[in-house]
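Below is one structure, written out as structure tokens; the observations come after it.
The values are calculated or read from the model by the stated rules, or taken from the named source; none is laboratory data. Everything quoted here is computed from the prediction, not taken from an experiment. Positions of Cβ are generated from backbone atoms using ideal geometry, with glycine treated the same way; all protein chains shown enter the neighbour counts. The accessibility values were calculated without ligands, DNA or RNA, using every heavy atom of the protein model including side chains. Shrake-Rupley method; radii C 1.70, N 1.55, O 1.52, S 1.80 Å.
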Amino acid sequence: MTYCLKIKKECGEYVLKILRKLGLVNSSYEIVREKEYILIPLTESKIPPSLTHINPAIVECSPRRRSYIRTYRDFLVNKLPQKVYEKLPSSYDIVGDVILIRLNNVPEKYWEEIGNALLKFHRNKKAVYAIVGETSGTERILPLKLIAGAHVNKTLYVEHGCKFVVYIGKVYVNPSLSYEHRRISELASDSEKILDMFAGIGGFSIIIAKHKSVEVVALDINPYAVKSINESLKINRLKGVVMPIHADSSRSERFLNKKFNRIIMNLPGLSHMFIRNAAKLISDEGGIIHYYRFSQTSTEPLHELISEVVRYGRRIVKILGVRRVLEVSPTKKLYVIDAYIM
């Protein structure tokens, strides 16, 4: 038998907040519902003074024991203040052996406990890192802080049947772009020459070459990104060819003695600065640019691309698509413009 607090159903949410704040909810058991009452399993047989005004009762009951944990947050029900618990993010990224989570609204003194709960929930993972800022710099480094587990230098991340070597904290990786990687690979055709101007770990380059007989030039200014691609190429079977180059894309037209049928411009904070280079490198017979840009609406990046392409002597024949890729914040979204350039 277990002691439970019996209360009217309409008081349930209010009472649960108070009990959780005091650490009195026994999360090992499920809440019992009886007609107009609910019975909340307790860790102690006592009624908090702040609840006496609603006339609760302590009763013996036989609640069903929870048979499974649904999320990492279930491990934290009675361990964090209610206000902190309510701010726990429901989503996070898993990259190989590593979990990456944003805890912007959670006080740092609780991070280690949250990290340990994540490792308890994902038993095969080795480390949890808090994302402590935004991707910055030309090398697109994501600032991380280890909050649980042991530091991981590099790990193996799998997406759409491709394996990627990832140097943690040294390269750009974003699992939220998984759909885009696949989408562009499906748009590409065999025999295309493709330029991935800001390749990162090769998400676009390798997945396209996995499925299509293409030639991809994968540029990145970050030496660890190029190192990652080179190592990943050794462990993937590709239909096409990927040529990683450690270089600054702003100088790309100076050392690339070829033109391309398709150019991927995934540097959403700075891609507008490289339209000139893309305009010079797209095939004289025409080709497609995938232009990724942060904006509040799709209108701004669309007009930006159209005007800049004209400025550098080319023209957009057709807008093939405009898509919101993801929402970074209420005022900041990632858009992609697919445009055919002549």
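Taking only the alpha-carbon positions of the stretch 109-218 and ignoring solvent, what does the Debye formula give for the base-10 log of I(q)/I(0) at q = 0.11, 0.16, 0.21, 0.23 Å⁻¹?
-0.44, -0.81, -1.14, -1.26
Mind jotting down the three principal axis lengths of the stretch 201-342 based on Cα atoms? Whole angstrom, largest first.
Computed over the Cα atoms, the extents are 41, 37, 26 Å.
On the accessible surface of the chain, probed at 1.4 Å, how many percent belong to carbon and sulfur atoms?
Within the chain, the accessible surface is 49 percent carbon and sulfur.
Among His246, Ser228, Val214, whose Cα projects farthest towards the positive end of the dipole of the stretch 210-280, with charges put on the beta-carbon of Lys, Arg (+1) and Asp, Glu (-1)?
Checked the options; the winner is Val214.
Return a whole-number percent for the relative contact order of the chain, with Cα pairs under 8 Å and 6 or more residues apart as the contact set.
Values: 703 pairs, mean separation 31.6, N = 342.
Computed over the chain, the figure is 9 percent.
Tell me, what is the Rg over Rh of the chain, with Rh the Kirkwood radius over Cα pairs?
1.13
Report the paramagnetic label zone for Arg276: residues of the stretch 295-330 whose backbone N is under 16 Å from a point 7 Å from Cα along the Cα-to-Cβ axis.
In the stretch 295-330, the label zone of Arg276 (backbone N under 16 Å from the point 7 Å along Cα→Cβ) covers 305, 307-314.
Any chance you could look up the accessible area of Thr138 with a 1.4 Å probe, heavy atoms only, rounded to 10 Å²?
90 Å²
Given the options Leu51, Gln82, Ser62, identify the residue whose Cα lies farthest towards the positive end of the charge dipole of the stretch 41-122 (+1 on Cβ of Lys, Arg; -1 on Cβ of Asp, Glu).
Value computed over the given set: Ser62.
Under a GNM of the chain (C-alpha, springs under 10 Å), which listed residue has the highest mean-square fluctuation: Ser45, Ser250, Ser295?
Among Ser45, Ser250, Ser295, the largest GNM mean-square fluctuation belongs to Ser45.
Using the heavy atoms of the protein chains and a 1.4 angstrom probe, tell me the accessible area per residue for the chain in square angstrom.
Values: 16990 Å² over 342 residues.
For the chain, the solvent-accessible area averages 50 Å² per residue.
Could you list the square roots of 5 times each eigenvalue of the Cα gyration tensor of the stretch 30-122, that is, the equivalent ellipsoid semi-axes, sorted largest first and rounded to whole Å?
32, 17, 11
Below 22 Å, Cα to Cα, which lysines can Lys280 reach? Residues fewer than 8 away in the same chain don't count.
By straight Cα distance, Lys280 reaches Lys193, Lys258, Lys259, Lys318.
Taking the Cα centre as origin and putting +1 on Lys and Arg beta-carbons and -1 on Asp and Glu beta-carbons, what dipole magnitude results for the chain, to the nearest 20 debye? Don't skip to the end; give the middle numbers.
Values: 53 positive and 34 negative charges, 83 e Å.
Here the size comes out at about 400 debye.
What relative contact order, as a whole-number percentage, does the stretch 54-135 give when Cα pairs under 8 Å and 6 or more residues apart are counted?
29 percent
Just how large is the dipole of the stretch 210-249 about the Cα centre, in debye to the nearest 20, putting +1 at every Lys and Arg Cβ and -1 at every Asp and Glu Cβ?
Dipole of the stretch 210-249, to the nearest 20 debye: 320 debye.
With an 8 Å cut-off on Cα pairs and a minimum separation of 6 or more residues, tell me the relative contact order of the stretch 1-120 in percent.
28 percent.
Which whole-number percent of Cα pairs in the stretch 160-250 have a distance greater than 20 Å?
25 percent
Which value in deg cm²/dmol, rounded to the nearest 500, describes the helix-derived mean residue ellipticity at 222 nm for the chain, given -39,500 (n - 2.57) per DSSP H run of n ≥ 4 and division by the residue count? Present the calculation step by step, with values, prior to reporting the outcome.
Values: 9 runs with 79 residues, N = 342.
Result for the chain: -6500 deg cm²/dmol, rounded to the nearest 500.
Suppose every K and R has +1 on its Cβ and every D and E has -1 on its Cβ; what is the size of the dipole of the stretch 1-103 about the Cα centre, in Debye to the nearest 20? Provide the component values of the computation, followed by the final result.
Numbers: 18 positive and 11 negative charges, 26 e Å.
I would put it at about 120 debye.
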